[in-house]
1. If I take R0 = 25 Å and measure r between the Cβ atoms of N96 and N182 in this structure, what FRET efficiency does the formula 1/(1 + (r/R0)^6) give, to the nearest 0.05?
2. If the chain between E162 and S116 were fully stretched, how many nm would it gain, using 0.36 nm times the residue separation less the Cα-Cα distance?
3. So, for segment 152-206, what is the accessible surface per residue at a probe of 1.4 Å, expressed in square angstrom?
4. Using a 10 Å cut-off on Cβ atoms, rank the peptides 222-228, 119-125 from the highest mean neighbour count down.
5. Let me know the shape class of segment 171-222, please: from the alpha-carbon gyration tensor, a ≥ b ≥ c as square roots of the eigenvalues, rounded when a/c is under 1.5, otherwise prolate if a/b is greater than b/c, or oblate.
6. What part of the accessible area of segment 142-210, given as a whole %, is carbon or sulfur when the probe is 1.4 angstrom?
7. Would you list which lysines come within 20 Å of K139, measuring only between C-alpha atoms, while excluding same-chain residues fewer than 8 positions from it?
8. Using the Cα gyration tensor of segment 239-286, with a ≥ b ≥ c the square roots of its eigenvalues, what is the shape: rounded (a/c below 1.5), prolate (a/b larger than b/c) or oblate (neither)?
Amino acid sequence: MTETPDPETGFLEQLGQRVRTMRALRGMSRKVLAKVSGISERYIAQLESGKGNVSIVLLRRVSNAMGAHLEDLIPSSEPSPDWPVLRDLVRKATANQIAQAKDVLAGNGASPQRASFAGIALIGLRGAGKSTLGRMLAKKIGWSFVELNKEIEAQNGLSVAEIIALYGQEGFHRMEQAALANLLARKELMVLATGGGIVSEPVTFDLVLSSFYTIWLKAEPEEHMARVRAQGDLRPMADDRSAMSELRTILVSREPLYARASAVVDTAGLRVDDAAARLIDAVAPVLQSQPRMFARG
């Protein structure tokens with residue numbers, strides 16, 4: 001007869017799974033998380049396997065290192081997939097906004113206006129081809145091409161690596177959301193290449209989904225890694241000995257979020273020109289469905 005795990009064991013296992021998933025969503029290796037949090041890699045491994053003797057202080061250090069909130073790691077039943085977005089909006093809301101939200105939820109307020117269409121956004125892991133294919137698509141349809149990470153750097157006068165080193169993951173994602181808001185304020189159609197980890201920020205990713213026709217550029221993990229290394233990317237995930245294992249973990253954790261895109265373009269095994277042609281085919285129905293909006297394309 002199989003023994004039923006006691007509630008404490010089950011809780012620790014769920015906690016470990018949530019820490020592992022959150023780390024993967026952030027694109028952090030176990031080694032990097034250990035370094036940023038000041039906690040040993042061995043302890044992080046025990047925590048993620050459900051065998052950690054967890055103290056609230058150490059758990060707080062882990063959540064802070066990932067730019068997450070402590071309660072995000074505590075296993076609980078979330079009412080809907082939109083809950084993380086609502087939760088983050090409430091955290092940042094003013095008292096007046098919260099009062100308005102209460103009225104809407106109670107059925108006493110007007111429905112919020114839908115975000116205006118801003119163009120096409122490409123999401124996916126590093127090495128998916130967002131920059132290369134995005135430029136080719138933008139040139140083909142006559143729109144501007146924007147890399148969100150470069151916008152963040154331009155608006156803050158720092159590289160992404162410097163921003164993360166100075167302000168941590170939470171600071172970077174704050175600047176990412178501000179840069180996206182600034183782009184949307186331009187009211188110009190664009191092809192936007194996002195950072196691979198944008199899906200880990202519920203409010204920012206929801207803004208992308210509601211403002212753009214979003215396409216997930218998908219490839220095999222080996223292709224992602226080969227392309228990143230070919231670009232000379234020496235960030236931790238690219239030269240860690242366990243990089244392939246970490247990359248697979250990140251992909252598995254992010255797949256349900258990437259799958260929220262309007263369309264998927266699988267570039268596995270394709271040459272650049274063939275992948276670009278497949279991407280152009282994927283956006284054709286959108287361009288044709290609103291001819292006046294896309295007249296200049």
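1. 0.60
2. Using 0.36 nm per residue and subtracting the Cα-Cα distance, I get 13.3 nm.
3. Accessible area per residue, segment 152-206: 41 Å².
4. Peptide ranking by packing, descending: 119-125, 222-228.
5. Cα axes put segment 171-222 in the oblate bin.
6. Carbon and sulfur: 51 percent of the exposed surface of segment 142-210.
7. K130, K150, K187
8. Here segment 239-286 falls in the oblate category.
The values are calculated or read from the model by the stated rules, or taken from the named source; none is laboratory data. All values derive from a computational prediction rather than experimental measurement. Cβ coordinates were reconstructed from backbone atoms using ideal geometry, including for glycine residues, and neighbour counts include every protein chain displayed. Heads up: the accessible areas ignore ligands, DNA and RNA and are worked out on the full protein's heavy atoms, side chains in. Shrake-Rupley method; radii C 1.70, N 1.55, O 1.52, S 1.80 Å.
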